[in-house]
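Beneath this line is the structure, given in structure tokens, with notes to follow.
The values are calculated or read from the model by the stated rules, or taken from the named source; none is laboratory data. All values reported here derive from a predicted model rather than from experimental measurement. Heads up, the Cβs are rebuilt from the backbone with ideal geometry, glycines too, and the neighbour counts pull from every protein chain shown.
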Amino acid sequence: MKPTAFDYLAPGTVGEAVDALAAGAQVLAGGQSLLLEMHLQRVHPNLVADINHIPGLDALTVADGTLTVGALVRHKTFESPGAVPGPLGDLFGRAVANIAHPPIRARGTMVGSLAWAHPASEWCALAVALDAVVELRSTRGTREVPAGDYFLGPFRTAREPDELLTAVRYPLLAPDTGVAFTEHRRTGFSFAQVAVGAALTIRDGVITEARIGLANCADRPLRAHAAERALVGSGPSSPVFARAGETAAEQDAAPVPEPYADVDYRRHVIAVLVARTLREAAPV
Amino acid sequence: MVDRWLRREDERLLTGAGRFVADLRVPGCLDAVFVRSEVAHGVLREADCSAARETPGVAGAWSAADLPGLPPMPDTRQGEATREWPSLVKNRVRYPGEALAVVLGDDRYRAEDGAGRVLVRIDPLPAVVTAEEAAGDEVRLFDGLSNVALHGEAGQPIDDEVWERAAVVVESDYRQQLLMPSPMECRTILCVPEGDRLTVWSGHQAPHRLRSDLARLLGRPEKSIRVVVPDTGGAFGSKSAVFPEFIVVAWLAERLGRPVRWIEDRRESLLVATRGRGQDQHVRLAADADGRLVAYELTVEADVGAYPHLGVAFPMQTAWMATGPYTTPQVHATVRSVLTNTMMTYPYRGAGRPEATSPLERTMDVLARRLDLDPAELRRRNLIPPEQFPYRTPTGRVYDSGDHLAALDLALRTLDYDGWRAEQARRRADPGALPVGVGLSCYVERSGGERGSLHDYVGVEAGEDGGVVARCGASSSGQSHATVFPALVAETLGVDPARVRLVEGDTDELPGGVGSFGSRSAQIDGAGLQHAATLLIEEARERAARMWDLPVEETAWSDGAVHPVRGTAAMGLSELVKRTGPLRIDERYEADMAFPFGTHAAVVEVDPDLGTVRVLRLVAVDDCGRALDPAVVRGQAFGSVVQGLGQALYEGVPFGDDGVPVLGNGLLDYLLPTYAEIPPIELGETRTPTPRTPLGAKGAGESGCIGTPPAIVNAVADALRLDHPDRLQMPLTPDVVWRAAA
């Protein structure tokens, strides 16, 4: 299929871009979801604002313990070791390998994934787990929304139609944080049936902090709070991780049935994958 | 000059210089877009095209009501009943995606804009998408007619006491899921009317058949239509028929006097391209205490799609091949073809033989487990030995030749069967190790075609310039004909292959043609071309004999030239043609069907906690008789093994409650194996020529779709030590495997 007719605009500044959004434009960044949706005629924008020519949006900066990822930073950036310091960079490196395939990673952007909010998105799950904050700009000003309040459902977020998601910020992880990311999918390039990212801090043999992000375990990305609570204060062990997996599956997740992954199967996979991810984040 | 490319086609196709129908630029050509039903079954109340016609760039828009003379699909008569398949829905939608209206625009964008403005109203009816649901006739696709369109059988019914007396009887149910053939290029047609002639460009497997179908439907002489097949991006059986969209496009091009084309896109294709397989099966297999097969019974319920077409009788292919490669004395297969609310089921690579091989080979493994016999040994005790060929099966086939034991042994050696059995035992003793399984599948298939399509038209012509033109009724959609056939003709004539050029896929070039399907091109057209080249040599010798005033037997042929037996003065083809006039042999060549065979083997590792299957090793030993070009045969074997892997693990058509396939995200929903899924594949060959042609070539290229799926499924069942294989139904997605393992 072909897109319906639309106008195309390539703003040179964020100011021009938000003006275009105020006029009803859809944002084109990496284009890996928008263009497909337009071809399938599920999205019919009258105006497309291509932000790829705006200087500065491709910045990746670390300052004061915070990582800021600009709207044009491509997925593949996170494949480079050292692009992001410490365990956060390690976690992103483990996650990014699961995103589609190399051509899509070369073009698509992390911020674009957050704006699109596919329930199976790896970045969205990590954003909620890591207490990320998204920066939204419009002609009305700038506001910041914590990831935990940002995702409202499949492809639904707190972003207003006239707001441009200019950046996402993550607190860096402490150097002694153990991280892991695992994904279960049907083929090498298909969407995750379930994906799990975890960051664990263990001090003196006791788990002091746990962050678990779940992708495609509900209609939106989840942070597995109940499973995290089950971990903190315990020593890392296989039975503890298995119990956390079951808690995530039973209490945190709200799986939606899909072909080849009904609710029972998906809950089972969540339990298995959470336990495996935790074991990998903190070898026992 | 030494070719840098392995095949003649490679440089063109791999450098982007291929010319497919969508690449042809014809001034003034209109693009057709079809407005399609979003419901599976319903009554069409309205398809109002008036707003579409007002859309800029739209040349016209029509529903069936606007085109009273539009011919329906051909070949829909089944027995006494005719169930009309209109080319555009008249009043009843019977499958999702069925075309309700057509919009022609200056380009596809504008035509789609127009299509979006066609106003459609459909009152939905309950949809039936499985044979089981449809066979009860509670929902009828055609008022007053049963959904059951055909009953058929092969072999004789087996007495109850045979089952009662047998030492072991295994019963199972299997599903051969619907599959999408998924060629890289979807269907294409471009119709260009010029004066009294209509030129039809189409990526197609059977151009002469398309010409005669269109001539009949449009009511014009065959000679007034020329069908040309340019480069074609795969077909796998899905491009051998005429389709409703083809009829609409040809009819409008003719009526409007303008070029019109339809280039199917992937989204359309997943809804309305032909689909393959689609059988629910029940089997009973009986053996004596030594594991010698006594009787086999196969019951097939086939979901054949919404309209009776060629696909209705197609499950008989499965029935006729039910015997497989074994000496089972009694075999009985019954078929019931049932209309369902889907696009028609039609031949897809393997076409009836995968559906025959899979239930038998899976049941053989169950039987082996029941008898506590090694599955390879069970097969060895039952394979038809070489001295019994030609072998007449209880289901009516006469196998031409075979050495099945040799193929089995080579597959076991290539796989290192004993080594993997040892590894399996080691892992079973280690509670931390993931289980591995080994699966075998012995197959026999049929190539060449059925009665009525066992011939083709071939020609060899020598030119004054020393060039040779080979013509045949085959039509390549990626099978390397331009490499293989000239080499064969050159070898027969003793000339440099660079001098021989192939012309095919053009109805103006030959009086008739059958096409490329059923693994027939090498076997029939190849043997025909070899035969025609031999006749050309005979004709050359006769002409030389007359010229030299010698008896024919005093002339001889070598290295592309005729010469007197005594003496040295040779005359090449070019000189002969200059002296004696045009030299062209045209033949209708016919040969009987042949039966390629082989053994496939798989090793898998299963993660029972998640249900994931990792294929560690695939071995495919195929015997296609003489291989005209071993590299080309291996390329096709490899591709079909990957498609077999797709059926085993990944591909399927899930339906929503409304009967509409859940494939809205295209190939993100219909998962094909890609390079990340391809395991190490090792190919092996045995060579048992068919005695049915002097050439000795049997068909090749469908083997992987036939032999590989049951090898993989058997390996998974072996890894999990399953006693009830019914729970493992393809595709073996992780959820299916997890449930079976639980």
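The residue pairs whose first member lies in the range A:206-232 and is in contact (Cβ under 8 Å) with a residue 24 or more places away in the chain, whose second member is buried (at least 24 other Cβ atoms within 10 Å of the Cβ) and acidic (Asp, Glu), and whose beta carbons are closer than 7 Å, counting only pairs six or more residues apart or on different chains, are A:Ala215/A:Glu122.
If a residue must be surrounded by 15 or more Cβ atoms within 10 Å (Cβ to Cβ) and of a type in the set (Lys, Arg), how many such residues does the range B:422-456 contain? The total comes to 2. Taken over the range B:620-650, the criterion of being away from chain A (no Cβ under 14 Å), small (Gly, Ala, Ser) and crowded, with 24+ Cβ neighbours inside 10 Å is satisfied by B:Ala620, B:Gly625, B:Ala637, B:Ser640, B:Gly644. Within the range B:701-737, restricting attention to residues that are touching a Ser or Thr at 6+ places or on another chain (Cβ under 9 Å) and surrounded by fewer than 22 Cβ atoms within 10 Å (Cβ to Cβ), the residue that is modelled with the highest pLDDT is B:Asp726. Taking the range A:168-198 as the range and being farther than 20 Å from A:Arg220 by Cα and of a type in the set (Gly, Ala, Ser) as the test, the residues that pass are A:Ala174, A:Gly178, A:Ala180, A:Gly188. Do we find that A:Phe191 is within 14 Å of another protein chain (Cβ to nearest Cβ) and touching a residue at least 60 places away in the same chain (Cβ under 8 Å) in this structure? It is true that A:Phe191 is within 14 Å of another protein chain (Cβ to nearest Cβ) and touching a residue at least 60 places away in the same chain (Cβ under 8 Å).
For the range B:686-700, a residue qualifies if it is in contact with a Ser or Thr (Cβ under 9 Å, 6 or more places away or on another chain) and either buried (at least 21 other Cβ atoms within 10 Å of the Cβ) or outside the structural domain of B:Leu628 (by TED's automatic domain parsing) (or both), and the qualifying residues are B:Thr688, B:Thr690, B:Arg692, B:Gly696, B:Ala697, B:Lys698, B:Gly699, B:Ala700. Restricting to the range B:607-619, name every residue that is within 14 Å of chain A (Cβ to nearest Cβ) and either touching a Lys or Arg at 6+ places or on another chain (Cβ under 7 Å) or assigned to a strand (DSSP E or B) (or both). Answer for the range B:607-619, where residues must be within 14 Å of chain A (Cβ to nearest Cβ) and either touching a Lys or Arg at 6+ places or on another chain (Cβ under 7 Å) or assigned to a strand (DSSP E or B) (or both): B:Asp607, B:Thr612, B:Val613, B:Arg614, B:Val615.
Can you tell me which residues in the range B:124-140 are part of a helix (DSSP H, G or I) and buried (at least 22 other Cβ atoms within 10 Å of the Cβ)?
B:Ala131, B:Ala134
From the list B:Ala65, B:Ala61, B:Ala52, the one residue that fits, being out of contact with any Phe, Trp or Tyr (no Cβ under 8 Å at 6 or more places or on another chain) and surrounded by fewer than 21 Cβ atoms within 10 Å (Cβ to Cβ), is B:Ala65.
All conditions in (1) touching a Leu at 6+ places or on another chain (Cβ under 9 Å); (2) at pLDDT 95 or above; (3) within 14 Å of chain A (Cβ to nearest Cβ) hold for B:Glu264, with the sole exception of (1). Across the range A:231-283, the qualifying residues are those that are polar (S, T, N, Q) and more than 17 Å from B:Asp607 (Cα to Cα), and the one among them that is nearest to the other protein chains (Cβ to nearest Cβ) is A:Ser238. Across the range A:1-48, the number of residues qualifying as of a type in the set (Gly, Ala, Ser), within 14 Å of chain B (Cβ to nearest Cβ) and surrounded by 14 or more Cβ atoms within 10 Å (Cβ to Cβ) comes to 1.
The sole residue among B:Gly635, B:Gly646, B:Gly639 that is assigned to a helix (DSSP H, G or I), touching a residue at least 24 places away in the same chain (Cβ under 8 Å) and out of contact with any Ser or Thr (no Cβ under 9 Å at 6 or more places or on another chain) is B:Gly639.
Candidates are the residues of the range A:72-112 that are free of Cβ contacts under 8 Å to residues at least 60 places away in the same chain and among the polar types (S, T, N, Q); the one that is farthest from A:Val168 (Cα to Cα) is A:Ser80.
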